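The block underneath contains the structure these notes are about, expressed in structure tokens.
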Amino acid sequence: MNIPKLSFTLKHTGRANALYTPCHISQAFNPNNKESHKPFKEYRALWDTGATNSVITKKVVEELNLPLISKTLTSTASHSELLVNVYMINIGLPNNVMIGPIRVTEGLLSGMDMLIGMDIISLGDFAITQKDNKTTFSFQIPSTHDIDFVQENKEEKDVNAHTPIVKEKEPNRNDPCPCGSGKKYKHCHGKK
């Protein structure tokens, strides 16, 4: 089965210490059934590789009138356990990368409406590069290949190790010196 690749890339000037993207959230629906599609609303999301699951705020729940599907015990960053509400949503990421339906919990978030956790990140390829004081963040689903910098560096070293070193032919004593001085080689760089 040939699954289409969906991806987006965002670039930030300077070194980003957090990855925020816009996201569009709706009540859960079957993406294969056009008649079941629900309206999306835009929110601000933080990508967090330290979070196991994705989280939305009470604001999202109320604005989208999300139906409660269950409650679950969850562990917080401070290692306390909380009983939280569980909802099903569909998510639209930049460049029309659509995910869902997916299970999320309700939580307290500051400065964002959604926390995108490893339940979404692990669906594809997630890459961050920091080059020339710029941050590039790219994501695609489904995953298409392994990114292995150690292997890439090893292969690069192997290629360089097998590159023959070609020694340039030394000019004859009466040839012009290759340095461009205009002197004969024997009177310039060819002096013994």
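The values are calculated or read from the model by the stated rules, or taken from the named source; none is laboratory data. Keep in mind it's a predicted model, so treat the numbers as computed, not measured. Reconstructed Cβ throughout: ideal geometry from the backbone, glycine too, with neighbour counts over all protein chains shown.
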Where SER78 falls short, out of the listed (1) among the hydroxyl-bearing types (Ser, Thr, Tyr); (2) surrounded by fewer than 16 Cβ atoms within 10 Å (Cβ to Cβ); (3) in a strand (DSSP E or B): (3)
Which numbered condition THR136 fails, given (1) at pLDDT 90 or above; (2) farther than 28 Å from ARG15 by Cβ: (2)
If ILE99 passes every condition in (1) touching a Leu at 6+ places or on another chain (Cβ under 9 Å); (2) over 22 Å from ASN33 (Cα atoms) but one, which one does it miss? (2)
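When only residues in the range 22-51 that are of a type in the set (Ser, Thr, Tyr) and buried (at least 17 other Cβ atoms within 10 Å of the Cβ) count, which is nearest to ILE116 (Cα to Cα)?
Ranking the candidates gives TYR43 first.
Kindly indicate whether any position in the range 18-39 is aliphatic (A, V, I, L, M), closer than 14 Å to GLU106 by Cβ, in contact with a Gly (Cβ under 6 Å, 6 or more places away or on another chain) and in a strand (DSSP E or B).
Step one: of the range 18-39, the residues aliphatic (A, V, I, L, M) are 18-19, 25, 28.
The next check asks that each one be closer than 14 Å to GLU106 by Cβ; those that pass are 25.
Within this subset, residues satisfying the condition of being in contact with a Gly (Cβ under 6 Å, 6 or more places away or on another chain) are none.
Within the range 18-39 (the criterion being aliphatic (A, V, I, L, M), closer than 14 Å to GLU106 by Cβ, in contact with a Gly (Cβ under 6 Å, 6 or more places away or on another chain) and in a strand (DSSP E or B)), the answer is no, since none of the residues qualifies.
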Could you please let me know if PRO4 is within 25 Å of the chain's Cα centre (by Cα) and either free of Cβ contacts under 8 Å to residues at least 12 places away in the same chain or not in a loop (DSSP other than H, G, I, E, B) (or both)? yes
Just the residues that are free of Cβ contacts under 8 Å to residues at least 60 places away in the same chain, in a loop (DSSP other than H, G, I, E, B) and among the polar types (S, T, N, Q), please, taken from the range 124-154. SER143
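For LEU93, state whether it is touching a residue at least 60 places away in the same chain (Cβ under 8 Å), surrounded by 14 or more Cβ atoms within 10 Å (Cβ to Cβ) and within 22 Å of ASN53 (Cβ to Cβ). Reasoning before the result, please.
Details: touching a residue at least 60 places away in the same chain (Cβ under 8 Å): yes; surrounded by 14 or more Cβ atoms within 10 Å (Cβ to Cβ): yes; within 22 Å of ASN53 (Cβ to Cβ): yes.
Yes; evaluated as a whole, the condition is true for this residue.
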Residues that are surrounded by 12 or more Cβ atoms within 10 Å (Cβ to Cβ), part of a strand (DSSP E or B) and out of contact with any helix residue (DSSP H, G or I) (no Cβ under 8 Å at 6 or more places or on another chain): does the range 52-67 have at least one? yes
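Among the residues of the range 82-89, are any outside any strand (DSSP E or B), touching an Asp or Glu at 6+ places or on another chain (Cβ under 9 Å), hydrophobic (A, V, I, L, M, F, W, C) and under 17 Å from ASP119 (Cβ atoms)?
First, pick out the residues of the range 82-89 that are outside any strand (DSSP E or B): none.
Taking every residue of the range 82-89 in turn, none turns out to be outside any strand (DSSP E or B), touching an Asp or Glu at 6+ places or on another chain (Cβ under 9 Å), hydrophobic (A, V, I, L, M, F, W, C) and under 17 Å from ASP119 (Cβ atoms).
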